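Single-structure report; data block below.
The values are calculated or read from the model by the stated rules, or taken from the named source; none is laboratory data. The structure displayed is predicted, hence computed values, not measured ones. Every residue, glycine as well, gets a Cβ built from its backbone with ideal geometry; the counts of neighbours run over all protein chains shown. Note: accessible area is taken over every heavy atom of the protein model, side chains too, but ligands, DNA and RNA are not part of it. Shrake-Rupley method; radii C 1.70, N 1.55, O 1.52, S 1.80 Å.
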Amino acid sequence: MYVLSYIYIKDNRNLKIVVLKFGGTSVADVPQIKKIALKIKEEVELGNKVIVVVSAMSGVTNNLIDLVKHTSDFPPYSEYDNVLSTGEQVTSALLAIALERLNLRTRSWLGWQIPIVTDNTYGKSVIEKIETDNISTSLEHNEVAVVSGFQGVSSENKITTLGRGGSDTTAVAMAAAFSADRCDIYTDVDGVYTTDPRIVKRAKKLDIITYEEMLELASQGAKVLQARSVALAMKYGVNLRVLSSFENLPGTSIIKEGNNMEKSEISGIAHSLNEAKITISGVPDKPGQAAEIFGSLAQFSINVDMIVQSSSINQKATDITFTIPETDLLTAEKTIKKIQKKIGFNKFTSETNVVKISVVGSAMRNQSGMANIMFKTLAKNQINIHVISTSEIKISVLISSDYYELAMRSLHSAFGLDI
Ligand code: ADP
Ligand code: ASP
Ligand code: MG
């Protein structure tokens, strides 16, 4: 679901290509942009062909979302994407200007100019194809290609975006399409940690992590890499690293399973703030109701994550609680209202001050033991659990957002991950 269905891979064997991606804080203002221009110059001087992918300046995408929200609750999806894509347009052009000042040959590229072709799922489009001809010609002319991250173009010739954090996916997709030697993700931390180092000061920096472990952490909310970018890197064997834009440190390499002899049981703890909880009460207890509810949400590509259904006391009605991305809440509420008459439930409520905390690890052999530690730790800290979900590789709980930092710190410690 998250991966490219097809990338046109050109034979670039005689070019050593590197992809460098700079996130929002790395391009936060003009001095910062000038600073990364110097870093890019160093790569060019090493004799590499350089493709740079940039995010919008930090905070800009949120501001653009606010502008759209103040205009309409239900904007046309493609216009929403058109507004959001402008953040990356500004930074790619500014960076090209900064590089030109350093006497480097360069030009900026918007998604449609390359083109990066996506499907028509606006707001969370999937890349279908990257045409390599234009950028290859540019690289052959020794230009630094500065690509606006996060965006593409649909078959309807409209601008699309790849979901929050999507510039990571642009970078990895470009690295795959151009068979790049490496794809370096420059950000505001010096690598991948056992949990978010901004919240848990005792988080441990990892020198290496497998694609699988990184995918789990990212899928559960560790936003240091967009989950789709990790899935793509794994599929195409992209040589991926996470590094600091601000300090010259070694970073974290994402590697193949089997190369990590010291793989530990728990990869880390992830949190996701972008959750909304919906409870539908008094759903008639008969076959087909869940299919009706979740089918109607699927029509709008709304991913339902955690689900619990209470057992009906009188065999007549049940309550169904589930979580969805907060960004889909308005559409979900509108959809559920529409089917209320058909299903005949009593009412529904929604809540956004919830956070999902997940303990993840593909080597989690003793899941019940892990669940026991998790629940005991939360209980000891008086933290109430709203919803639980488990899989072979993770245990997730939904809790009130008031307690998520406490939960992360105490779980990090309880699982023996503290430095
Ligand atoms: P960028 O703007 O560079 O894309 P992001 O804000 O998207 O940066 O991602 C970097 C942030 O990810 C860090 O500042 C950190 O707070 C957060 N983060 C969450 N989980 C982790 C983790 N396990 N390791 C490192 N950083 C993490
Ligand atoms: N600017 C987009 C966002 O804030 C994409 C990105 O930064 O990766 O989500
Ligand atoms: Mg990011």
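Some points to look at:
- Residues of segment 29-54 satisfying the condition of being in a helix (DSSP H, G or I) and either open to solvent by less than 70 Å² (accessible area, probe 1.4 Å) or touching a Pro at 6+ places or on another chain (Cβ under 7 Å) (or both): Gln32, Ile33, Ile36, Ala37, Lys39, Ile40, Lys41, Glu43, Val44
- Residue selected from segment 15-62 under the condition over 20 Å from Ala171 (Cβ atoms) and more than 16 Å from ligand 3 (Cβ to nearest atom), by the criterion nearest to the chain's Cα centre (by Cα): Asp29
- Check on Leu297, open to solvent by 10 Å² or more (accessible area, probe 1.4 Å) and modelled with pLDDT of 90 or more: no
- The residue pairs whose first member lies in segment 59-76 and is open to solvent by 80 Å² or more (accessible area, probe 1.4 Å), whose second member is in a helix (DSSP H, G or I) and within 10 Å of ligand 2 (Cβ to nearest atom), and whose beta carbons are closer than 9 Å, counting only pairs six or more residues apart or on different chains, are Asn63/Gly87.
- Only residues that are outside any loop (DSSP other than H, G, I, E, B) and either over 20 Å from Asn157 (Cα atoms) or in contact with a His (Cβ under 7 Å, 6 or more places away or on another chain) (or both) were counted across segment 71-100, and they come to 12.
- Residues being open to solvent by less than 30 Å² (accessible area, probe 1.4 Å) and away from ligand 2 (no atom under 14 Å from the Cβ) - total across segment 210-220: 7
- Only one of the listed residues (Ser219, Ser229, Ser244) is within 15 Å of ligand 3 (Cβ to nearest atom), among the hydroxyl-bearing types (Ser, Thr, Tyr), touching a strand residue (DSSP E or B) at 6+ places or on another chain (Cβ under 9 Å) and within 30 Å of Ser311 (Cα to Cα). That residue is Ser219.
- Per-region count, segment 177-209, residues assigned to a strand (DSSP E or B) and more than 16 Å from ligand 2 (Cβ to nearest atom): 5
- Matching strands (runs of 3 or more DSSP E) fully within segment 101-167 where at least 2 residues are under 29 Å from Pro325 (Cβ atoms): 116-118, 127-130, 144-148, 151-153, 159-161
- Pairs, first touching a residue at least 60 places away in the same chain (Cβ under 8 Å) in segment 222-243, second more than 14 Å from ligand 3 (Cβ to nearest atom) and of a type in the set (Phe, Trp, Tyr), C-beta under 6 Å, six or more apart: Arg228/Tyr2; Ala231/Tyr2
- In segment 164-181, residue farthest from ligand 3 (Cβ to nearest atom) [restricted to those that are open to solvent by less than 10 Å² (accessible area, probe 1.4 Å) and small (Gly, Ala, Ser)]: Ala177
- Members of segment 323-355 found to be free of Cβ contacts under 8 Å to residues at least 60 places away in the same chain and part of a strand (DSSP E or B), listed by number: Ile324, Pro325
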